Amino acid sequence: MTLLVETMPNVRSASFCLAIPAGSVYEPSGEVSRSGTAMVLADLMFRGAGKLNGRQLLARIDELGLQNEESVTPGFMLFNGVCLKSKLSEVFRLYRDVIQRPLMPASHLQPAVEGLEQMLL
């Protein structure tokens, strides 16, 4: 993993972008039924991770004062965030679980797909 850092001593916040090579180009070609898989996965990853269920994960994000968003480009799944720099280590521990240990409960798959469909309308 490559980490780029720009230190700004007088700034209390920190922003980051984690780029994971998991964008739409990695989806099987010619299979319409699998189009949007990366978008659905990005949604599911925040429905629980590590030892936290979805509600606990979102509550922890709020507790940390994290402003975050996830998106998918052709080449990458992007996780962007802004928080107080004093909270950055805790935020990265949280993202470690989101990226490496997402729960992705099967019961949440259909709502995630329906949410994506609504975005397309």
Item to check | Residues of region 43-70 satisfying the condition of being under 16 Å from S13 (Cβ atoms), surrounded by 15 or more Cβ atoms within 10 Å (Cβ to Cβ) and not hydrophobic (A, V, I, L, M, F, W, C) | outcome: N68
Next on the checklist: Suppose we filter region 71-87 for residues that are buried (at least 18 other Cβ atoms within 10 Å of the Cβ) and not in a loop (DSSP other than H, G, I, E, B); how many remain?
Outcome noted: 5
Item to check | Failed item in (1) closer than 20 Å to N53 by Cβ; (2) out of contact with any Gly (no Cβ under 8 Å at 6 or more places or on another chain); (3) part of a helix (DSSP H, G or I), with V91 passing the rest | outcome: (2)
Checklist entry - Quick check, is M77 in contact (Cβ under 8 Å) with a residue 12 or more places away in the chain and closer than 30 Å to V11 by Cβ? => result yes
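Within region 9-19, how many residues turn out to be outside any strand (DSSP E or B) and either in contact with a Lys or Arg (Cβ under 9 Å, 6 or more places away or on another chain) or closer than 26 Å to V98 by Cα (or both)?
2
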Checklist entry - How many residues does region 104-121 contain that are surrounded by 13 or more Cβ atoms within 10 Å (Cβ to Cβ) and over 20 Å from N53 (Cα atoms)? => result 1
Checklist entry - Is at least one residue of region 39-56 over 19 Å from L116 (Cβ atoms), at pLDDT 85 or above and in a helix (DSSP H, G or I)? => result yes
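The values are calculated or read from the model by the stated rules, or taken from the named source; none is laboratory data. All figures in this text were calculated on a predicted structure; none of them were measured in a lab. We place every Cβ from the backbone using ideal geometry, glycine too, and count neighbours over all the protein chains shown.
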